[in-house]
Every structure is written in C-alpha cells, then in structure tokens.
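Have a look at the structure below before the remarks.
Every number in this text was worked out from the coordinates using simple rules, so none of it is lab data. What you see is a predicted model; the values in this text were computed from it and never measured. Ideal geometry is used to build each Cβ from the backbone, glycine not excepted, and the neighbour counts take in all protein chains shown.
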Amino acid sequence: MDGVDALVFTGGVGERAARIRAEALRGLSFLGARLDARANDTAQPDADVAAPDSPVRILVVAAREDLEIARQVRTAVRADR
C-alpha cells in the first residue's frame with residue numbers, strides 16, 4: 001500500500017467514544033492522521049473528525065446493522081421461493 005486514505009470508526013464504541021477514537025489514533029500517528037480534538041469531542045455520525053490539514057480523513061460513520069440484517073433476510077426469503 002502507498003499510504004492510507006481514510007480511517008473509519010463505526011459501531012457502538014466507534015460512534016460514541018471520543019476518548020477511544022483519540023487513543024486509537026495516537027498509536028496510528030505514523031500514518032499521518034491528525035485528529036481535530038473539538039470535532040472529535042462533539043462528533044455525531046456521520047462526521048469527519050480529521051484536522052483540516054490531515055492527509056488522512058478520519059470518519060465516524062453510523063453502522064446501521066439493522067439495514068444489513070434486513071437486506072440479508074430479504075435475500076434469504078427470496079431464495080426460498
């Protein structure tokens with residue numbers, strides 16, 4: 001790989017835990033990802049919490065597991081016909 005374009009936080013912790021996102025990114029600073037602390041602290045999905053000058057986008061994305069479950073059920077039901 002020639003670098004990283006984006007880091008995505010999702011699911012319960014990824015969507016709601018600013019402190020965990022900050023701690024995780026501390027260990028990934030070698031990738032060039034720079035966090036905007038204020039954006040991170042106030043983030044609601046779907047948000048970009050990267051600093052404006054960060055070459056890596058840092059995204060907080062709603063997981064929407066419910067939609068994926070519904071899609072899988074619909075596929076399974078159609079296959080049984």
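In a fully extended conformation the segment linking R16 and D41 would gain 8.1 nm over its present Cα-Cα distance, using 0.36 nm per residue. Using bins of 5 Å that start at zero, the share of Cα-Cα pairs per bin across the chain amounts to 3, 15, 22, 19, 12, 8, 7, 6, 4, 3, 0, in whole %. May I ask for the angle, rounded to the nearest 10°, between helix 65-79 and the longest principal axis of the chain, with both axes built from Cα atoms and the value confined to 0 to 90°? Orientation of helix 65-79: about 30 degrees from the principal axis. Database remark: amide H of A50 closer than 5 angstrom to the amide H of D36, I58 (H placed geometrically; neighbours at sequence offset of 5 or more, or on other chains; Pro and chain starts carry no H). Using the Karplus relation 6.51 cos²θ - 1.76 cosθ + 1.60 with θ = phi - 60°, the per-residue 3J(HN,Hα) values for segment 41-54 come to 5, 10, 5, 10, x, 9, 9, 9, 10, 6, 5, x, 8, 6 Hz, with x marking Gly and Pro. Taking the Cβ of D46 as the centre, find all other residues whose Cβ is under 11 Å away and add up their charges (Lys, Arg: +1; Asp, Glu: -1). Once positives and negatives cancel, what remains is -1.
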